Amino acid sequence: MPVTLLGAAEIRALAAELDVTPTKKLGQNFVVDANTVRKIVHVAGVRDGERVVEIGPGLGSLTLAILEAGAAVTAVEIDHRLAERLSATAAAHGVAGDRLTVVDADALRVTELPGDPTILVANLPYNVSVPVLLHFLETFPHLDRGVVMVQAEVGERLAAPPGSKVYGAPSVKAAWYGTWRLAGTVSRQVFWPVPNVDSVLVGFQRDGEPRGTEEERRATFAIVDAAFQQRRKMLRQALSGIFGGGSAEASAVLEAAGVAPTARGEELTVDDFQHIARVAPARSARASLGG
Ligand code: SAM
């Protein structure tokens, strides 16, 4: 039996039946257009036999499009009413039971994903899109690639190169894990309710090897946060509070990392930030040995 998709009328009827009124708090804007969910799956290059994790399946529009492509889905949904209903919706639309696994949980807190999915496809809840993406990339190293729908402003930030106006902490942190690209815009009219922001698709491909240890990642992200908290300041000032020794020590660390102390965070690549994080402990160890 072929998998069929949800139509706009069915989505509203399902919500009414479950007594679900979409809430802003959970970023609930449901896609009511079959072409859009098929486009997302197409852009993600989902193939028969792969396993996808979907964050926030909601009533199941995108879930069914992923299943239609022949993939299996692990779906993580925080709203119990929606999580509880999803398997029945999938079965009614031609999906065999074992191809969909529903996890009734907050995606920000999950630490295990049944089926070890390798692809992330989601229309993300916009209020938590960046933390949830970073949590998944950090926690699930087998996630190799993905396409997510996010607020346009957030998508532009995630995919921004150094030096651009919107380059910031999320851009550098996302780049820690791999390469990001903008992959298309989505009309507001495909959502119910219609949101008051524009949306884009963003794709990512994880780099082959992890670029550093967990300790190094934490140290790098702390430097990134400090650099962008005061983004107009030169790095020797913006980082003056984090190495001990004020701006003189910050300048010395930056110079040792080959970064101009007068540069600003927005000019640095993720490699530069990682280099600073690597140099700093070596300097403080030398200092404590009197070297
Ligand atoms: N995928 C569906 C679609 O495209 O129609 C729904 C997308 S809607 C933008 C976001 C979904 O994420 C909602 O179903 C919402 O309940 C769920 N959600 C919000 N916060 C969540 C969280 N922290 N963990 C898991 N799901 C969450």
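The values are calculated or read from the model by the stated rules, or taken from the named source; none is laboratory data. Predicted, not measured: the structure shown is a model, and the values here were computed from it. Cβ sites come from the backbone with ideal geometry, for glycine too, and all protein chains shown count toward neighbours. These area figures cover heavy atoms from the full protein model, side chains too; ligands, DNA and RNA do not enter into them. Shrake-Rupley method; radii C 1.70, N 1.55, O 1.52, S 1.80 Å.
So here's what we get for this one:
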| quantity | calculated |
| --- | --- |
| Given (1) open to solvent by less than 50 Å² (accessible area, probe 1.4 Å); (2) modelled with pLDDT of 95 or more; (3) among the hydrophobic types (A, V, I, L, M, F, W, C), index of the condition Phe243 fails | (2) |
| The range 38-76: number of residues that are over 18 Å from the mean Cα position of the chain (by Cα) and away from the ligand (no atom under 11 Å from the Cβ) | 13 |
| For Asn127: the one exception among (1) within 13 Å of the ligand (Cβ to nearest atom); (2) touching a Leu at 6+ places or on another chain (Cβ under 9 Å); (3) at pLDDT 95 or above; (4) open to solvent by 30 Å² or more (accessible area, probe 1.4 Å) | (3) |
| Number of positions in the range 77-92 that are within 12 Å of the ligand (Cβ to nearest atom) and of a type in the set (Ser, Thr, Tyr) | 1 |
| Scan of the range 196-229 for residues that are over 20 Å from the mean Cα position of the chain (by Cα) and either within 26 Å of Tyr126 (Cβ to Cβ) or open to solvent by less than 20 Å² (accessible area, probe 1.4 Å) (or both), ordered by number | Asn196, Ile223, Ala226, Ala227, Gln229 |
| Those helices (runs of 4 or more DSSP H) lying entirely in the range 1-115 with at least 2 residues in contact with a strand residue (DSSP E or B) (Cβ under 9 Å, 6 or more places away or on another chain) and open to solvent by 20 Å² or more (accessible area, probe 1.4 Å) | 8-18, 34-44, 80-92 |
